[in-house]
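Here's the structure we're looking at; comments come further down.
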Amino acid sequence: MLAGDRLVMHAVRRNAPWTAILAATAVGGAAAELALPYLAGRTVDAFVVADPAAVRWLAGCAAVVACVVLCESLGMWAGGVTGARAAARLRLGMLRHVLGVGPAVTRRFPEGELVTRAGLNAEEVARAPESVTGALALLVPTAGALVALTLIAPVLTLTLLAGIVLILIVLNTFLRATTTIAGGYQEAQGELAAGLVEALGGARTIAAAGTEDREVLRVLRPLPRLRLHGMRLWRANATAGVRAGLVVPLVEVAVLAVGGFMLAAGDLTVGELYAAARYAVLGAALSGALGPIGGLARARAAAGRMAEVLAVPRTRHGSRALPSGTGAMEFRDVTAAGLTVPRLVIPGGSLTAVVGRSGSGKSLLAALAARMADPDRGTVLLDGIPLPELTGPELRRAVGCAFERPVLVGDTLADAITLGRPTPDDAVLNGGLNGEPDGGPDGVLDAVTVAARADGFVRRLPHGYATRTMDAPLSGGERQRLGLARAFAQGERLLVLDDATSSLDTVTEREIGRALADGPGGRTRLVVAHRLATAAQADQVVWLEDGAVRGQGPHRELWRDPAYRAVFQGEEP
């Protein structure tokens, strides 16, 4: 919880100007409420003796009431602004961290969990400044009431102090219990969101299988636990509220009883007794901190969940640039998540196919080559430079990736292909791509879409490359072709294609295979292959089995091994 508490304090400090305004209004309102009993007491005494100053004391009471109303209004406005700004900052920080970590974070946290922690949990943490200032502001009337009662009659202070101690015990117990219960409630919320996101991702499969009812039950499985924690939160609030609420009338009765004896003895005036009773109520009003304390407890629990995500280390980059080279890649004593590669060399400018049965480590090898994952041990080098030593921009300029299910990021199709970064020179692209691109500003885009066989359907769209991504009616194969075009546009030295043609028809896949075999711009190509034709076109094949390299060499040589043939035939040798 320490990391979560630090995040809460960070949220409070980072909103310093607005938090200061919120605190000032809270303290100002509390101070005004503290002054009101004194002014009301003087007003009563003045009217009792028909003192002409009674009108001035009454006007003072009215001014203090107006001050309280003004502070409460400003406090509500400042609280809303503080919460909105804090939530925006927390969500932006979470988004940057998650994207900076990369795919590793989704292997640890389901996507729905990440959405919940960056959404609902960030909202809870963002309310921490308001909760903290609200709780601290209640200390002002409490401290002031103790001082005022001491000035009126010290014996009354002891009575109030005993009640305050009881209230603090109740609040501390409430904070600890509510933090734990709120954490369980938020955890159930995250599981519910994770199940829903997973079901939405497989909506077509669920509809085709007719398993809607079963999936609904699976998604809603956390609901009983959510209800249980919700009821516990309600009981904790009710129990603490009753306990703290009982203290207020007890303290007031005790102060009135002691003050009544002092009034009868002539040691107090009627106005002083009224003021003492009001101060007793103000001092015991610390019981009203249940609301802010409950908000603080929920913020601490939510911050703990956010801190778990923020604790996942981001991908660190170095400061080196690549020397001139051909995109040669080397794996040295690499071990990662069950994959072991003692030594693997991929010559610059070559086409290397990675083959193997499901679970053999093909995608992991591709991820290591593109530095979408880092090895547990060993080094992956590009043109002699370890990938972690490259700067982030240098790495992403050098390596282009295409995946089975590409996500098109950007407002338009042109943005989705270029990602807003400069593309390789026309001369580099044209040197190894089939087809001649048109001249003009769209020359580079034409070149990569021709290579990915995406130019035909892009040109048929009403606005071409300027078509909004969300408005483009794209099939799975068309998305894959745009993903390939993006990889061609980005990777200046190395292309890593992980099952990036699985949704293409046979003819299109063969055309793209020929374009890859021709070598776009002389770049190195590492292709996770599932089809025989792709392996046959490669300069070399890396054959993985059970997380290890079983064979490496030209396809025609490996084909002599029955076990290698079985990889493509789907049968045991």
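The values are calculated or read from the model by the stated rules, or taken from the named source; none is laboratory data. What you see is a predicted model, and the numbers here were worked out from it, not measured in a lab. Because the Cβ atoms are built from the backbone with ideal geometry, glycine has one as well, and the counts that use them run over all protein chains shown. Side chains are part of the model used for accessible areas, which takes the heavy atoms of the whole protein and leaves out ligands, DNA and RNA. Shrake-Rupley method; radii C 1.70, N 1.55, O 1.52, S 1.80 Å.
From the P(r) of the stretch 71-135, can you give the percent of Cα pairs sitting at distances over 14 Å? The share of Cα pairs beyond 14 Å in the stretch 71-135 comes to 62 percent. For the stretch 375-418, backbone nitrogen atoms closer than 20 Å to the point 7 Å from Ser319 Cα along Cα-to-C-beta are found at 385-396. Taking Cα atoms only, the orientation of helix 476-490 departs from the longest principal axis of the chain by about 90 degrees. Karplus-based coupling profile of the stretch 95-102, in residue order and whole Hz: 4, 4, 5, 4, 5, x, 6, x, with θ = phi - 60° in 6.51 cos²θ - 1.76 cosθ + 1.60 and x standing for Gly or Pro. Applying 0.36 nm per residue to the separation of Glu111 and Arg235 and subtracting their alpha-carbon distance, the gain on full extension is 41.4 nm. Using a probe of 1.4 Å, the accessible surface attributed to Ser475 totals some 60 Å² when neighbouring protein chains are kept in position. When the Cα convex hull of the stretch 1-65 is projected onto planes of every orientation, the mean area is 5.9 nm².
Computed from Cα positions, the angle between helix 16-48 and the longest principal axis of the chain comes to roughly 10 degrees. Of the peptides 71-79, 262-270, 281-289, the order by per-residue mean of other Cβ atoms within 10 Å, starting with the highest, comes out as 281-289, 71-79, 262-270. What residues of the stretch 8-35 lie in the reach of a label at Leu136, counting those whose backbone N is under 18 Å from a point 7 Å from the Cα along Cα→Cβ? Residues passing the 18 Å test: 8-32.
Cα axis of helix 2-14 to longest principal axis of the chain: angle in degrees, 0 to 90, nearest 10? Its long axis makes an angle of about 80 degrees.
Each of Trp559 and Ala20 was given a label point 7 Å from its Cα along the Cα-to-Cβ line. The distance between the two points is 7.7 nm. A Förster radius of 41 Å, combined with the Cβ-Cβ distance separating Thr340 from Ala466, puts the computed FRET efficiency at roughly 0.30. Computed from backbone phi with θ = phi - 60° and the Karplus coefficients 6.51, -1.76 and 1.60, the 3J(HN,Hα) list for the stretch 246-257 is 5, 5, 4, x, 4, 5, 5, 5, 5, 5, 5, 5 Hz; x is used for glycine and proline. With every protein chain in place and a 1.4 angstrom probe, the accessible-area ranking of Leu382, Leu7, largest first, reads Leu7, Leu382. Proximity of backbone amide H atoms, modeled 1.01 Å from N, is registered between Thr412 and Thr469 at under 5 Å, excluding neighbours fewer than 5 places apart on the same chain. Hydrodynamic estimate: the Kirkwood radius of the stretch 8-131 over Cα pairs, inserted into Stokes-Einstein at 25 °C and 0.890 mPa s, corresponds to D of 140 µm²/s. Computed over the stretch 1-94, relative contact order equals 39 percent, with contacts defined as Cα pairs under 8 Å that lie 6+ residues apart.
If both residues of a DSSP beta bridge must be in the chain, then about 50% of such bridges are antiparallel. For the stretch 170-270, the calculated P(r), taken from all Cα-Cα distances in 10 Å bins from zero up to the bin holding the longest distance, is 13, 24, 17, 15, 11, 8, 6, 4, 1 percent. Between the listed residues Ile293, Val242, Ala336, the Cα displaced farthest toward the positive end of the dipole of the chain, a dipole computed from Cβ unit charges relative to the Cα centre, is found at Val242.
Measuring only protein heavy atoms, the 1.4 Å probe finds Tyr279 accessible over about 20 Å². With each label modelled as a point 7 angstrom along the Cα→C-beta vector, the Ala207-Thr506 pair spans 3.0 nm. The dipole here belongs to the chain: it is taken about the Cα centre, uses +1 on the Cβ of Lys and Arg and -1 on the Cβ of Asp and Glu, and is about 740 debye.
Which of the three applies to the stretch 464-505, rounded, prolate or oblate, going by the alpha-carbon gyration tensor with a ≥ b ≥ c and a/c under 1.5 meaning rounded? The shape class here is oblate. If you average 1/r over all unlike Cα pairs in the chain and invert the result, what Kirkwood radius do you get in angstrom? Across the chain, the inverse of the average 1/r is 29.1 Å.
Rg over Rh for the stretch 91-179 works out to 1.29, both radii taken from alpha-carbon positions and Rh defined as the Kirkwood radius.
Summarising the amide proton neighbourhood of Cys401: residues at separation of 5 or more, or on other chains, whose placed amide H is nearer than 5 Å comprise Val496. Evaluated over the Cα positions of the stretch 286-432, the convex hull gives a direction-averaged projected area, one quarter of its surface, of 14.5 nm². Taking 0.36 nm per residue of separation and subtracting the Cα-Cα distance, full extension of the segment from Ser358 to Leu168 would add 62.4 nm.
For the stretch 288-305, 3J(HN,Hα) computed residue by residue from phi via the Karplus equation (6.51, -1.76, 1.60; θ = phi - 60°) reads x, 6, 4, x, x, 5, x, x, 5, 5, 5, 5, 5, 5, 5, 5, x, 5 Hz, glycine and proline entered as x.
Mean separation of Cα pairs under 8 Å and 6 or more residues apart, divided by the residue count, gives the chain a relative contact order of 15 percent. What the Cβ-Cβ distance of Trp77 and Asp333 gives, at R0 = 56 Å and to the nearest 0.05, is a FRET efficiency of 0.35. Here the simple spin-label model places points 7 Å from the Cα toward Cβ, and for Val242 and Ala566 these points are separated by 7.0 nm.
Legend: residues Arg371, Arg510, Arg225, Arg14, sorted from most to least accessible area (1.4 Å probe; ligands, DNA and RNA excluded), read Arg510, Arg14, Arg225, Arg371. Put simply, the amide H of Gly551, placed in the peptide plane, has neighbours under 5 Å in Trp543, leaving out anything fewer than 5 places away on its chain.
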